[in-house]
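Inspection log for the structure reproduced underneath, given as structure tokens.
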Amino acid sequence: MDVLKQLLGRLHPLVVHLPIGFIMMGLLLQWYDRKKKKYNTVISLIYLWAGITATLACITGYLQYLGEGYAFDTVKWHLWSGIATALFSFLMYAKLKGILTLSFLLKLPMLGLSIFFFMLISFTGHQGGNITHGEEYLIEPLPNALKSALGFETFEEKKIDLNEDNWQEALLYEDVIKPILNNKCASCHNPKKTKGELLLTTQAGILNGGENGAIIEDSKASESELYTRLVLPVDDDDHMPPEGKTQLLKEEIQLVMAWIDAGNPFDKTISESGLEKSLFLSFFPKKEGFDHPNIEIEAASKTQIKTIEASGIHIDQISNASNFLSASCINKPGFTDSDFDMLMPIKNQISRLDLGNTKITDAVFYKLAELPNLTILLLDNTAITGKNLQSLVGLEHLKSINLTSTTLKAAYLKAFNDFKNLQFLYLHGTNATPQNVKINNNNIHIDFGNYTLPTIPSDTIVY
């Protein structure tokens, strides 16, 4: 019986969209037919089906509440407004069919009822979204200052500040684990909002656990809900943080696991806890990388990245300590100059770009000039001649250009005399030679290829 209850309950996310569709269809058709009133019979039938499917949604939703262990305070507004939506659907059906027995309801204007109906379905849907994604799902991307102005609780992001000198003496919980929980978990588990009756902002709250009991089993991360929920698939109902929320980095999850396995100490240093340095290296300050500028930059939109990757372009984060991105067309050899526009939404984040083996031409240089933080550029095995190279002079972070096996013309290489920070230029497999290249920029190391290995004694051994 419990299995059937859970199975029917999990149909709720599917069933719940049916009444929403019927209601919106009915309201739109009402607006369209507001003058002629020709479709009242059709609209009334739509609302009848809305009522029937809304009733099914209420039943499956209630079963999901029973089977999945939700707290009643979490679901009560969604539950009652869902029931109200089902009843109101039948009321709208009766109103249009003229079968209401209460005369005062017959006198209520249809416009007013329709507006209320729209507000009711919007409120019900919003409450359902709060259960799935959290109350602050819609406003989560907003800056903290704006969220505070709107009356929402905000938590200032705490940075894990470790380096070669202080990592051993840093307090494991206070300086590492607490910032992780504060940044990724406290929005749902704080004194004002203890989702699942779980408080993660204090030591007592963590040790007390939530409505399902303890979340930490002493020295056993694999049996502790605080850890096991982090490693569930993101689309699993029990995964934490919920889908749509900012997820923990894999390095952060490893630290939570290591902390629990070490006995979840609240007052010991990293050294006293016996944890290895390798667990914390990703949080050390990074030296300037050759493949990206040494500046802070905001992260690119995940939605924009997914859209670009759907076209065949591979996007990868340079490192966990930086928001700069590497873009590669290794799986999109048909990439042309006109395709470049799809990269523009992340133009500020691209520091490494591989357009090798694609169908680009010299026209692409004008578009490359619009990537202000471009650092590494690969144009090998393309039809590039070097015309328009001058347009890249303004890219102050550009350090390396690979023009290997292109149709390069040596005459265009004089443009490199004006490049201030370029360090490496690769010309192997082109018409460029040390004799015909006239570059007087001593900062640039030019690699012509054509290497020969010196003979060593073992080369003469006959096997």
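The values are calculated or read from the model by the stated rules, or taken from the named source; none is laboratory data. None of these values were measured; they are calculated from a predicted model. Counting neighbours? That spans all protein chains shown, and the Cβs are built from the backbone with ideal geometry, glycine included. SASA here: full protein model, heavy atoms, side chains in, ligands and nucleic acids out. Shrake-Rupley method; radii C 1.70, N 1.55, O 1.52, S 1.80 Å.
Points to keep in mind about this one:
- Condition check for residue 327: touching a Lys or Arg at 6+ places or on another chain (Cβ under 9 Å), on the phi < 0 side of the Ramachandran plot and open to solvent by 40 Å² or more (accessible area, probe 1.4 Å): no
- Residue count for the range 338-361 satisfying the condition of being open to solvent by 20 Å² or more (accessible area, probe 1.4 Å) and under 19 Å from residue 304 (Cα atoms): 10.
- The residues of the range 180-200 that are surrounded by fewer than 18 Cβ atoms within 10 Å (Cβ to Cβ) and either modelled with pLDDT of 85 or more or of a type in the set (Asp, Glu) (or both), listed by number, are 182, 197.
- Looking only at the range 381-424, residues that are open to solvent by 30 Å² or more (accessible area, probe 1.4 Å), outside any loop (DSSP other than H, G, I, E, B) and farther than 12 Å from residue 365 by Cβ come to 6 in all.
- Residue in the range 213-220 that is in contact (Cβ under 8 Å) with a residue 12 or more places away in the chain, farther than 23 Å from residue 132 by Cβ and not in a loop (DSSP other than H, G, I, E, B) present: no
- Selection within the range 437-447 - at pLDDT 80 or above and in a loop (DSSP other than H, G, I, E, B): 437, 439, 443, 444
- Count of residues meeting criterion [part of a loop (DSSP other than H, G, I, E, B) and either open to solvent by less than 10 Å² (accessible area, probe 1.4 Å) or farther than 16 Å from residue 401 by Cβ (or both)] in the range 362-371: 3
- Among the candidates 205, 196, the residue that is on the phi < 0 side of the Ramachandran plot and outside any strand (DSSP E or B) is uniquely 205.
- Top-ranked residue of the range 425-437 - restricted to ones that are over 38 Å from the mean Cα position of the chain (by Cα) and not polar (S, T, N, Q), ranked as surrounded by the fewest Cβ atoms within 10 Å (Cβ to Cβ): 434
- Here 273, 282, 301 are screened, and the one residue that is over 21 Å from residue 326 (Cβ atoms), surrounded by 13 or more Cβ atoms within 10 Å (Cβ to Cβ) and either in contact (Cβ under 8 Å) with a residue 12 or more places away in the chain or out of contact with any Lys or Arg (no Cβ under 7 Å at 6 or more places or on another chain) (or both) is 273.
- Within the range 316-341, the set of residues being part of a loop (DSSP other than H, G, I, E, B), under 26 Å from residue 297 (Cα atoms) and not aliphatic (A, V, I, L, M) comprises 320, 329.
- Condition met for residue 48 (modelled with pLDDT under 80, open to solvent by 40 Å² or more (accessible area, probe 1.4 Å) and of a type in the set (A, V, I, L, M, F, W, C)): no
- Considering only residues in the range 232-252 that are surrounded by 17 or more Cβ atoms within 10 Å (Cβ to Cβ) and of a type in the set (A, V, I, L, M, F, W, C), the one that is farthest from residue 302 (Cα to Cα) turns out to be 240.
- Residue in the range 33-48 that is farther than 17 Å from residue 98 by Cα, aromatic (Phe, Trp, Tyr) and part of a helix (DSSP H, G or I) present: no
- Hey, residue 204 surrounded by fewer than 14 Cβ atoms within 10 Å (Cβ to Cβ), closer than 25 Å to residue 72 by Cβ and among the hydrophobic types (A, V, I, L, M, F, W, C) or not: yes
- Residue satisfying condition, being part of a helix (DSSP H, G or I), of a type in the set (Asp, Glu) and modelled with pLDDT of 85 or more, within set 169, 174: 174
- Qualifying positions in the range 243-263 - in contact (Cβ under 8 Å) with a residue 60 or more places away in the chain and not in a helix (DSSP H, G or I): 243, 244, 245, 246, 247, 248, 249, 262
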